[in-house]
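Here the structure comes first, spelled out in structure tokens, and everything after it is commentary.
Every number here is computed from the coordinates shown, using simple stated rules; none is lab data. All values derive from a computational prediction rather than experimental measurement. Backbone-built Cβ (ideal geometry, glycine too); neighbour counts: all protein chains shown.
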Amino acid sequence: MTAARPTIGTPSTRRVLRTVLSAEVLSMTGSQLSAVAMPWFVLETTGSSGAMGRVMAAQMIAVAVFGVMGAALAGRLGPRRVMLLSDLTRGPLVALVPLLHHAGLLPLPVFMVLLFAVGAFYAPYTASQQALLPALVGDDEEQLSRANALLQGATRLTVLLGPPTAGVLIAWLGASTVLVLDAASYLLSAALLRHGLPQGLALPAPVVRPRIRDAFGALRRDRLLSHWTVGQILGETTWQALFAMLPVLALLHYGGSSALAGLLLGAFGGGALLGTLLVGRALRRFSATRLTLYGRLGQVAAFAVLPLPLGPLGLTALLATAGLLNGLSNAPMVAVRTTRIPAPLRSATLTVIAAAGLTGGTLGLLGAGTAAESLPVPTIFAALAVLQALAGVFFLLGAAQGRRTPSPPTTTSQPKDHTHPPEERTP
């Protein structure tokens, strides 16, 4: 007999959502500390923005490779197992960075291997989070937008507070100590998930084993999904390239202050948090699709200003504005995308989308790090503005063509099993 799925207002649903949000705050706070400490450490020890780009890109490459190769992992093991396994593995891996550094055993290739290993778990973890929400609140687009806004609001809060705190802590304790704090945050998140997520949480779809080509087929058949995925790749390329440039600007152009690097990232986080908090109110006036488009086109306008001689104060204001637009559009974008994917393919397809977007991030990190060694900053920023404009075009095309492309019935290569998933066991 099928058990009724909890709604967003039930105590059990609220308890699970609080667990997911709290775990996100813990692990993402550490990650935001590391977002400043990792590139700062490489810049200080090598003096090369190209080396910084290669180290940070190693993590993104793993996201792309293992996101696609492990596309079925989230669907097969279930969100709880994947999230626990990811946190329990990433914590020790991050801790190895300062330990090997102090032992004199951290040449650049080893550093890259460690970050590659850390990145291998990112896409399955993110997809598992997104697949967990429909299991709790259902497939209603507005409810999913609000639930995603809650989750992303927790993330944006860490982006607001984490980088400025990291800048101060790096100056006080050093980058290695900040990385230890990041490692501890993953382990605390795993402990919270282990005790707060129910083992028998049922997903809203039959258990299937979708192949990678099934996930790609879902993207190919739906014009909105395919165009928005390309737009996300281009957008992620520009964002990661911009984030890679911030430590370079702070260290080499704005007086060498780690606090300023953290403040610039924090400005984006503050704007994104405000935008996320406004999602619920904006959805009273606009559909999730329209709100996504407004935010993405607003980002195009913000990036068009980027090549101007803004200085630290102007760049801070621009990052806050772009973050606001990103926060307003991201949760509705995820909700629209999730509801259009057939439920049995959702985990696998979301993993592929996350991997595709962060493939663009890899290119952005590599490109920005290399370009910063030979090109003036305004030229790099002009290239980012062009890429962001192309991303906006794909979001427009996807919304226009997506209205004429209804989601097809689910087809997979495996026979459907209309039983509930077996109870998960903690790894």
*What does the charge count near Gly392 come to, summing +1 for each Lys or Arg and -1 for each Asp or Glu among other residues with Cβ under 15 Å from its Cβ?*
+1
*Rounded to a whole number, what is D in µm²/s for the stretch 207-298 from Stokes-Einstein with the Kirkwood radius over alpha-carbon pairs (20 °C, 1.002 mPa s)?*
130
*Return the Cα extents of the stretch 291-395 along principal axes one, two and three, sorted largest first, each rounded to a whole Å.*
48, 28, 21
*Arrange Thr351, Thr238 by Cβ neighbour counts within 10 Å, fewest through most, would you?*
Thr238, Thr351
*Please give the length that would be gained between Tyr254 and Leu173 if that part of the chain were fully extended, namely 0.36 nm times their separation in residues minus their C-alpha to C-alpha distance (nm, one decimal).*
27.0 nm
*Write out the trypsin sites (Lys or Arg not before Pro) in the stretch 249-299 meeting two conditions: DSSP loop, and at most 11 other Cβ atoms within 10 Å of their Cβ.*
Arg284, Arg285
_Report the gain in length on full extension from Leu100 to Glu373: 0.36 nm times residue separation, minus Cα-Cα distance, nm rounded to one decimal._
95.5 nm
*Order by neighbour count: Phe286, Phe66, fewest other Cβ atoms within 10 Å first, most last.*
Phe286, Phe66
*At what distance in nm do the modelled label points of Leu108 and Arg220 sit from each other, each positioned 7 Å from its Cα along Cα→Cβ?*
3.9
*Fewest first, what order do Val25, Val113 take by the number of other Cβ atoms within 10 Å?*
Val113, Val25
_At 1.306 mPa s and 10 °C, plugging the Kirkwood radius over alpha-carbon pairs of the stretch 244-309 into Stokes-Einstein gives what diffusion coefficient in µm²/s?_
114
*Can you list the HN-Hα couplings for the stretch 346-359, worked out from phi with the Karplus curve (6.51, -1.76, 1.60; θ = phi - 60°), rounded to whole Hz and with x for Gly and Pro?*
5, 4, 5, 5, 5, 5, 5, 4, 4, 5, 5, x, 7, 5
